[in-house]
Amino acid sequence: MSTTDRGFATLFEFNLSKLYLSQGLAPRKKQRMCFRLTMLSRISCCYPEPVVPIRRGNGSANSNEKKGENWRLDSKNSLHRVRVLASPAMSFASAQSRFSSKQQKFYPQCTPRNSGPQSRDTLPTRDTGIANEEDWGISLLNENVNESGTNEDGSTWYRQSGEDLGENGYLRRWTMMGGKSHDGSSEWMETWWETSDWSGYKELGVEKSGRNAEGDSWWETWQELLHQDQWSNLAHIEKSAQKQAKSGSENAGWHEKWWEKYDAKGWTEKGAHKYGRLNEQSWWEKWGEHYDGRGSVLKWTDKWAKTEVGTRWGDKWEEKFFAGVGSRQGETWHVSASGDRWSRTWGEEHFGNGKVHKYGKSTTGESWDLIVHEETYYEAEPHYGWADVVGDSSQLLTIQPRPRPPSVFPNLEFGSSPPQLDNQT
């Protein structure tokens, strides 16, 4: 589609209808999306349809909305939700993925003893966030195994398991499996592990990688860990996931990094970084949430895209609140291939008494500055917090460390010294 200046005066739209952001980044728990990879029974393998930032042509808004509702960066598939009310004419529309045309398949994963795991040469699915441990179905073997074989179709497989020992009670139990097609054009590898030591550290993880006959390649990892702050004895749980895929037939690919951190007092941090490319177009998205456990909350989002001819556009916003008082502000912007820039900035000040100061301006001369009576809404606590993550981490919490001899004490890493008060005389 043309990337000339036709229509460049219009605004970049991330499915917005006004620059008023009244909700936070994370979805309700019932909307939480996870990998459905029930590893002990079967694995559901889906090919991604990456979001592609493209210019929209003429056509009905309803038609454009229907086409883009599944794969826009701020669609229902995204792990942040934004309620908005504003504007214009460019968006992250959907594009039919050209990574693959394979139908969804179900591969049996648990095979009888001495038979090999089935091939799983499938790309990961984008925009699914961090899975819960039950969705991975990690099941480590309790004995050292080193076996391999050849299937009837000529493909080969292997499966290994073992333990690694180290200082301070370090124990890492692992299982690794993989395979290759008869002609070597397709291969995959998957590793599961659990780690512990005498300090109370525990970790559960998965790593997957592979390539298929079409030349597509991918890598994916997932981890959750438990550790204890040695100064405060406060327990922390962290979860993270990274995924990336690259097309073997065109200049296309994507990468995502997600993380969540929790402590037993309610402190929570969540965020994601995403990147994608399809031929001449690239796009980025970053967002974050921070709750201090005492009522203070910070949320932000930043999205932008560009084409090889120099057209760029984006949207960002931020909100800070505590005890009903806070602010929101943001900007939508666009730069044409010739360097002409358009932007609109906006802000809100919430005073905690039912009054809100709203203000803004744009490079086309519009401006507003007014006080309105309006209810202030924000989420002072995460929709998914410490109690939830503990309840979903039973496998992590039940990892058994190596027995510690009575005369041996754990080596605790205290890190930097805690802050000290100035001496006063």
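The values are calculated or read from the model by the stated rules, or taken from the named source; none is laboratory data. Remember, predicted model here, so these are calculated numbers, not experimental data. Cβ: placed from backbone, ideal geometry, glycine included. Neighbour counts: every protein chain shown. All accessible areas refer to the heavy atoms of the entire protein, side chains included, with ligands and DNA or RNA removed. Shrake-Rupley method; radii C 1.70, N 1.55, O 1.52, S 1.80 Å.
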- request: Might you let me know whether segment 226-241 holds any residue that is farther than 30 Å from VAL390 by Cβ and at pLDDT 95 or above?
  value: no
query: Does segment 233-264 hold any residues that are hydroxyl-bearing (Ser, Thr, Tyr) and touching a strand residue (DSSP E or B) at 6+ places or on another chain (Cβ under 9 Å), and which are they?
result: SER240, SER247, TYR262
field: Among residues of segment 370-400, those that are part of a strand (DSSP E or B) and without any contact (Cβ under 8 Å) to a residue 12 or more places away in the chain, counted
entry: 0
- prompt: Which residues, counting only those in segment 147-158, are in contact with a strand residue (DSSP E or B) (Cβ under 6 Å, 6 or more places away or on another chain) and open to solvent by 30 Å² or more (accessible area, probe 1.4 Å)?
  reply: SER148, THR150, THR156, TYR158
message: Against the condition closer than 17 Å to GLY129 by Cβ and in a strand (DSSP E or B), how does TRP254 come out, does it pass?
response: yes
field: Candidate set: segment 118-146, residues that are at pLDDT below 85 and farther than 26 Å from LEU225 by Cβ; chosen: the one surrounded by the fewest Cβ atoms within 10 Å (Cβ to Cβ)
entry: GLN118
field: Members of segment 295-352 found to be surrounded by 15 or more Cβ atoms within 10 Å (Cβ to Cβ) and basic (Lys, Arg), listed by number
entry: LYS299, LYS303, LYS306, ARG312, LYS316, LYS320, ARG328, ARG344
query: If a residue has to be of a type in the set (S, T, N, Q) and assigned to a strand (DSSP E or B) to count, how many in segment 216-239 make the cut?
result: 4
- prompt: Considering only segment 218-258, how many residues are of a type in the set (Ser, Thr, Tyr), more than 20 Å from THR191 (Cβ to Cβ) and open to solvent by less than 60 Å² (accessible area, probe 1.4 Å)?
  reply: 1
